[in-house]
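Input: a single structure, listed below in C-alpha cells.
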Amino acid sequence: MKVYEWLSKGPDDTSSFAQKLAIKLKAKDVLLLEGDLGAGKTTVTKGIALGLGIRRNVSSPTFTIIKEYQGNLPLYHMDVYRLQDSNEDLGFDEYFEGDGVTIVEWAHVIEDQLPTEYLSISIYRLGDVERKFELKPVGKRYELLCEELFS
C-alpha cells in the first residue's frame, strides 16, 4: 500500500488541504482520522465541511458519537473514542453506505465494523502548529483519489 505524506504549516494550511480533498469526495466515501488529542482531526473535518458547502459550525461529536451536516453532500462526522464496546450496533454501515461522506475519528475503536475500502489519514505533531499527514488509501477508489490529489 502506497502512503502519501503531506506537511502542514498550521491550521489554515490544514483547512485548505482538506477543502481540496473535499472537492474530490463523493457519496459513500469513508475517511478515517487518527491522531492524538489536539492533532487536528476536527480542523480537517471543518475544512472538508467547507469544501462540501457546509456553512454550519462543525464541532467534534465526542459525546454524541455522530453529527450530521447538510451541504453539497451530507457529511456524517463520527467520534467513536468513547465507545465501550466495538460490537455495539449503532448502524455505522448505514452511514458508510449512505448518500454522504463519512468521517470517523478514532476509527481503530470500531475496526471490525469498518468498510473494506476507505482512506486512512494519520496526523502527527511536528511542533506547536506543524503537522505531518499520512494518507493510506485502501481500495482502488482511494488510490485514484490520492493520485489525483497529489499530482
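The values are calculated or read from the model by the stated rules, or taken from the named source; none is laboratory data. What you see is a predicted model; the values in this text were computed from it and never measured. The area values use the complete protein model at the heavy-atom level, side chains included, leaving out ligands, DNA and RNA. Shrake-Rupley method; radii C 1.70, N 1.55, O 1.52, S 1.80 Å.
Counting only heavy atoms of protein chains, what accessible area per residue, in Å², does the chain have with a probe of 1.4 Å?
52 Å²
Can you pull the accessible area of ASP29 for me, 1.4 Å probe, Å² to the nearest 10?
0 Å²
How much of the accessible area of the chain, in percent, comes from carbon and sulfur atoms when a 1.4 Å probe is used?
Accessible surface attributable to carbon and sulfur in the chain totals 47 percent.
Rounded, prolate or oblate: pick one for segment 36-84, where a ≥ b ≥ c are the square roots of the eigenvalues of its C-alpha gyration tensor, a/c under 1.5 means rounded, and failing that, prolate if a/b is larger than b/c, else oblate.
oblate
Once you sort the root eigenvalues of the Cα gyration tensor of the chain as a ≥ b ≥ c, which label holds: rounded (a/c under 1.5), prolate (a/b larger than b/c) or oblate (the other case)?
rounded
Whose amide H sits under 5 Å from the amide H of GLU105, counting only residues 5 or more places off or on another chain, with H placed in the peptide plane?
Those lying under 5 Å, H to H, from GLU105 are LEU33, MET78, ASP79, VAL80.
Under the rule of at least 5 residues apart or a separate chain, name every residue whose amide H is placed under 5 Å from the amide H of GLU117.
Amide H neighbours of GLU117: none.
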